[in-house]
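**Q** Have a look at this one before I ask anything.
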Protein chains: 2
Amino acid sequence: MPDSDRIQYCNHCGEQVLLQTPPGDNRNRHVCARCGRIQYQNPKVVCGCLPVWQERILLCRRAIEPRKGLWTLPAGFLENDETIQHGAARETMEEACAEIVKQTLYGIYSLPQINQVYIMFRAELTGENNFSPGAETLEARLFQESEIPWQELAFRVIRLTLQRYLSERKSGAFTVAINNIL
Amino acid sequence: MPDSDRIQYCNHCGEQVLLQTPPGDNRNRHVCARCGRIQYQNPKVVCGCLPVWQERILLCRRAIEPRKGLWTLPAGFLENDETIQHGAARETMEEACAEIVKQTLYGIYSLPQINQVYIMFRAELTGENNFSPGAETLEARLFQESEIPWQELAFRVIRLTLQRYLSERKSGAFTVAINNIL
């Protein structure tokens, strides 16, 4: 159920909201029938890393829904009060107990159907064994290219990021991509 | 007043919320005392353009708060259901009635103190006169480098984007920046 289906009440005064287009606006918003505050809804930023140790890539097997049991790169919602770089490093620590260095912007993906913007970084682990599964992770493991579980990846944005990384690594030139997943 | 100060009630059921750390989480959230739903708050994405016509840059003088009367690049909150590129082009149309071409990712800025992430593009106008002030703009104008109103710019992120653009234009090589404004 999308978040928008849940907005029934004003979170400032508790009165019911009405779906209407405010003056000067061009979109329907949830507007409080009493205090008039608008309950805006906007896309969320998901930030994450593609952490490597030499030629191997760190993936995490998800312990939580959605896509429990499938493999992903460490990533999660950016929190208030933090930078994107910090958010991506924090998620890598939370999901894979891994510190990262050489964090470099790698790709931005719009996912308008689920109102998310992914911002992904390349990064390096600090050691071959410097990671372990976090609370939301069943298993964390380094994968050679030939070992990547393509059929068991959790999200399309993760597959695209991995495919591009492996392709660009061969070419020797990494770019910053901006793509849409529609 | 930050948004967080406004969250008093659950927007699903209208009951009061409590500030507490949910199980498995490590941050205080607003949790509904009745239905248990968490009212998450996350940073918002602001997307915008640096539109040029030949060597001149398009700026807009703001007709609305904050920073009414000061100059800015066209930018605004990314909406649900749209890509970042579309959001930046839409804001340029809304604020400057300008169509853009050759839209290219140019910079990502974290503003953690106000919970925003700016994603800025370079772009070209379709003609020397193909723009005009939109409803939220007092005046739209093309500026030569020597004419830019540095003392009357609305936001620091705009100043930094303009400074970098002018510097990189001289060097002939544009990059994609990731920066924090703390």
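What follows is calculated from the coordinates using simple rules that are stated; it is not laboratory data. Predicted, not measured: the structure shown is a model, and the values here were computed from it. Reconstructed Cβ throughout: ideal geometry from the backbone, glycine too, with neighbour counts over all protein chains shown.
**Q** Mind checking the full-extension length gain between residue A:77 and residue A:35? Use 0.36 nm per residue of separation minus the Cα-Cα distance, one decimal, nm.
**A** Extra length from residue A:77 to residue A:35 when fully extended: 12.1 nm.
**Q** Between 0 and 90 degrees, rounded to the nearest ten: what's the tilt of helix B:156-171 against the longest Cα principal axis of chain B?
**A** For helix B:156-171, the angle is close to 40 degrees.
**Q** 5 Å is the cut-off here: which amide hydrogens, built 1.01 Å from N in the peptide plane, fall below it relative to residue B:180, excluding neighbours closer than 5 in sequence?
**A** Under 5 Å from the amide H of residue B:180 lie the amide H atoms of B:110, each far enough along the sequence or on another chain.
**Q** Continuing with the same structure: Tell me the angle of helix B:84-96 to the major Cα principal axis of chain B, expressed in degrees between 0 and 90 and rounded to the nearest ten.
**A** 60
**Q** Still on this model: With θ set to phi - 60°, apply the Karplus curve 6.51 cos²θ - 1.76 cosθ + 1.60 along the stretch B:41-55 and write out the HN-Hα couplings as whole Hz, x wherever there is a Gly or Pro.
**A** With coefficients 6.51, -1.76 and 1.60, one gets 10, 9, x, 9, 8, 10, 10, x, 10, 10, x, 10, 10, 6, 8 Hz.
**Q** Using a label point 7 Å beyond Cα on the Cα-Cβ vector, give me the inter-copy distances for residue A:167 in nanometres, one decimal, shortest first.
**A** The projected label point of residue A:167 is separated from its counterparts by 3.3 nm.
**Q** Using Cα-only point scatterers and the Debye equation, what is log10 of I(q)/I(0) for the stretch A:44-180 at each q in 0.13 Å⁻¹, rounded to two decimals?
**A** -0.48
**Q** Mind checking the alpha-carbon convex hull of the stretch A:1-75 and giving the volume per residue in Å³?
**A** It is 141 Å³ per residue.
**Q** Tell me what chain B gives for mean residue ellipticity at 222 nm when only DSSP H runs of n ≥ 4 count, each as -39,500 (n - 2.57), the sum divided by the residue total, rounded to 500 deg cm²/dmol.
**A** Helices in chain B give a 222 nm mean residue ellipticity of -5000 deg cm²/dmol.
**Q** PRE reach from residue A:167 (point 7 Å along Cα→Cβ): which of the stretch A:117-141 fall under 19 Å by backbone N?
**A** A:118-122
**Q** Given a Förster distance of 30 angstrom, what is the FRET efficiency for residue B:101 paired with residue A:150, based on the Cβ-Cβ distance and rounded to 0.05?
**A** Using R0 = 30 Å, I get an efficiency of 0.20.
**Q** What are the label-to-label distances in nm, one decimal and shortest first, from residue A:146 to the same spot in the other copies, with labels 7 Å along Cα to Cβ?
**A** When each copy's label point is compared with this one, the spacings are 6.5 nm.
**Q** Further, regarding this structure: Just checking the output field for A:6-19: average partner chain Cβ neighbours within 10 Å of each residue's Cβ?
**A** Rounded to a whole number, the mean comes out at 5.
**Q** Restricting things to alpha carbons, find the Rg to Rh ratio for the protein assembly as shown using the Kirkwood radius for Rh.
**A** That ratio equals 0.99.
**Q** Taking amide H atoms as placed 1.01 Å from N in the peptide plane, list the residues 5 or more away in sequence, or in a different chain, whose amide H sits under 5 Å from that of residue B:153.
**A** B:71
**Q** How many partner chain Cβ atoms sit within 10 Å of a residue's Cβ in peptide A:83-94, on average, as a whole number?
**A** Mean number of neighbouring Cβ atoms from other chains: 3.
**Q** List A:70, B:58 from most exposed to least, where exposure is judged by having the fewest other Cβ atoms within 10 Å.
**A** Least crowded to most crowded, the residues run A:70, B:58.
**Q** Still on this structure, I have one more. Scan around residue B:46 for amide H atoms under 5 Å from its own, H built in the peptide plane at 1.01 Å from N, and keep only partners 5 or more places away or cross-chain.
**A** The list, which skips near neighbours in sequence, is B:78, B:117, B:118, B:119.
**Q** Just tell me how shielded A:109-116 is by partners: mean number of partner chain Cβ atoms within 10 Å of each residue's Cβ, no decimals.
**A** Mean shielding by partner chains, rounded to a whole number: 4.
**Q** Kindly put A:168, A:79, A:95 in sequence by how many other C-beta atoms sit within 10 Å of each C-beta, fewest to most.
**A** Ranking A:168, A:79, A:95 by Cβ neighbours within 10 Å, fewest first, gives A:168, A:79, A:95.
**Q** Put a label point 7 Å from Cα along the Cβ direction on residue B:132, then list its distances to the equivalent points in the other copies in nm, shortest first.
**A** Computed spacing set for this position: 6.7 nm.
**Q** Lys pairs in the protein assembly as shown, Cα-Cα under 30 Å, at least 8 apart or on separate chains: how many?
**A** Taking the Cα cut-off of 30 Å, the pair count is 15.
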